[in-house]
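All remarks here apply to the structure that follows.
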Amino acid sequence: VKGTKGRLDKCSIGIETCAYGPLVEKKGKFYAWPKNYSSVVIPKDRVCSLERDFRGFHHYHAFSNEQIAAMEALLTVLIKRYDIKIQKSFDMTWFDYNEAVITNTVPGIWSHTTVRKDKYDLYPDVRIIKMLNRLAAKFHKA
């Protein structure tokens, strides 16, 4: 993140999840890589259409259920191993850019989209929020 002199990189763990990201619909087909949208067609059953646009796009390459399960398993291990203090709950605003996370080096689980306005790796998918809330419940037992 620009202007942090690597401060966030030194106290965070990056996880990459493979997907094409934002898609463009043209004549009923969904294309990846919007700047050159004639190259990769994504099947309709692999498209997540959002209720509201996110960062200028309405459609995203959907994560598989297996990817979300693997993300949950990996996060569980990392939270335990590194004693990561995670949020008590998550909602759709979690995907939004949040400068306070950068400025205050707020501990927790955050997305690339939280700290960079130019990233699209995670999009507002209710399945991600449900998964994060399962983790929150698990690690914030009363």
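The values are calculated or read from the model by the stated rules, or taken from the named source; none is laboratory data. What you see is a predicted model; the values in this text were computed from it and never measured. Note that each Cβ is placed from the backbone with ideal geometry, even for glycine, and that neighbours are counted across all protein chains shown. Surface accessibility is based on the protein's heavy atoms, side chains included, excluding ligands, DNA and RNA. Shrake-Rupley method; radii C 1.70, N 1.55, O 1.52, S 1.80 Å.
Overview of values
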{"quantity": "By accessible area with a 1.4 Å probe, ligands and nucleic acids excluded, highest first: order of 119, 26", "calculated": "26, 119"}
{"quantity": "Peptides 124-134, 80-90, 8-18 ordered by average Cβ neighbours within 10 Å, highest first", "calculated": "124-134, 80-90, 8-18"}
{"quantity": "The stretch 42-67-the stretch 120-137 distance, computed between alpha-carbon centres (Å)", "calculated": "14"}
{"quantity": "Helix 126-139 axis, angle to the chain major axis (alpha carbon atoms, nearest 10°)", "calculated": "10"}
{"quantity": "Accessible-area value, residue 41, 1.4 Å probe, nucleic acids and ligands omitted, Å²", "calculated": "80"}
{"quantity": "Lys, Arg +1 and Asp, Glu -1 on Cβ, resulting dipole of the stretch 11-109 about Cα centre, debye, nearest 20", "calculated": "280"}
{"quantity": "The stretch 1-64 shape via C-alpha gyration tensor axes, a/c threshold 1.5", "calculated": "prolate"}
{"quantity": "Square roots of five times the Cα gyration tensor eigenvalues for the stretch 68-142, Å", "calculated": "20, 15, 11"}
{"quantity": "Selection from 43, 31, 75, by position along the positive dipole direction of the stretch 1-86 (Cβ)", "calculated": "31"}
{"quantity": "Cα long-axis angle, helix 65-82 against the chain (0 to 90 degrees, to the nearest 10)", "calculated": "20"}
{"quantity": "The stretch 41-94: C-alpha gyration tensor shape, a/c 1.5 cut-off, then a/b vs b/c", "calculated": "oblate"}
